[in-house]
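In what follows, a structure is listed as structure tokens, so that the remarks can point back to it.
All of the numbers you see were taken from the coordinates with simple rules; none came from a lab. Model, not experiment: these values are computed from the prediction. Cβ coordinates were reconstructed from backbone atoms using ideal geometry, including for glycine residues, and neighbour counts include every protein chain displayed.
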């Protein structure tokens, strides 16, 4: 019976001292209020009432800086929010820094991010703040990285979540954007109409050039025909221009089915006869 009074308290002490450190954690062990050692993942046993084991998460974590009203350089109130991704480094010095060098590092990071955002955006106009999100992220990351070095913390990245202007300013900005879009659409429409008109103009010019060319070719054909007629006249009717004129008159009359009486023995009859291969009969 006396052994039970001894064994039970020992078992209780043994069970009370069991600690399990997960792979996502590191343990910081203190003995009588003084740092003793770093507990790696696995099984550990501490002396109850003498030792204490503080668990530290070494995985990547995210904190929200929470929306806040910031006055920009052009005296407008902007609602700004950001997210910070960080992790406690797993080496012994970093774990000690996260426990001993800062009181509640998560809360400290949130407030540092909020203060840094006010300092950065306070120097920018609302328009430039929206267009320079990358620069704001870079400046926020740089400040947090430098300020948390002694805390054993690594800032992984920062993300600017929102920069929202007041509702009336947002409405005005939307109207400006709409007007710009309508202006661009009107310019595009005018350009398209100008292009169509230019195409019609070129088509008309081509058509006129074609008509002009056909007239020139027709005139050249007529000139060539006249030249050939003149050459024939010079060859077959040299010195007989008057007779040629008479033949042209006869031709014109015959086209209209007119009847012409030509006296027998006239020169015109002789000419026609010679052209037809007919010789006049002798008396």
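Under the rule a/c < 1.5 gives rounded, and otherwise a/b versus b/c splits prolate from oblate, where does segment 61-165 land using the Cα gyration tensor? List each step's numbers first, then the result.
On the way: a/c = 2.73, a/b = 2.43, b/c = 1.12.
Since a/c reaches 1.5 and a/b is larger than b/c, the shape of segment 61-165 is classed as prolate.
Please give the peptides 101-109, 187-195 ranked by average Cβ packing (other Cβ atoms within 10 Å per residue), highest first, as a rough proxy for protection.
Working: 101-109: 14.7, 187-195: 10.0.
Top to bottom by mean Cβ count within 10 Å: 101-109, 187-195.
Take 204, 127 and order them by how many other Cβ atoms sit within 10 Å, fewest up front. Don't jump to the answer; show the numbers that get you there.
Values: 204 10, 127 13.
Fewest to most other Cβ atoms nearby, the residues stand as 204, 127.
For segment 1-148, what class follows from the C-alpha gyration tensor (a ≥ b ≥ c being the square roots of its eigenvalues): rounded when a/c is under 1.5, otherwise prolate if a/b is larger than b/c, else oblate?
Values: a/c = 4.06, a/b = 3.58, b/c = 1.13.
Prolate is the answer for segment 1-148, as a/c is 1.5 or above and a/b outweighs b/c.
Pull out the extension gain between residue 96 and residue 6, defined as 0.36 nm times the separation in residues minus the alpha carbon to alpha carbon distance; nm, one decimal.
Values: separation 90, 0.36 × 90 = 32.40 nm, distance 3.78 nm.
Result for the pair: 28.6 nm of gain on full extension.
What is the extension gain from residue 79 to residue 215, computed as 0.36 nm multiplied by their sequence separation minus the C-alpha to C-alpha distance, in nm to one decimal? Write down the numbers at each step before the final one.
Numbers: separation 136, 0.36 × 136 = 48.96 nm, distance 7.70 nm.
Once the chain is fully extended between residue 79 and residue 215, it gains 41.3 nm.
Taking Cα pairs under 8 Å and at least six residues apart, what relative contact order does segment 2-57 come out at, in percent? Show your work: numbers first, answer last.
Details: 86 pairs, mean separation 20.7, N = 56.
About 37 percent, as a whole number.
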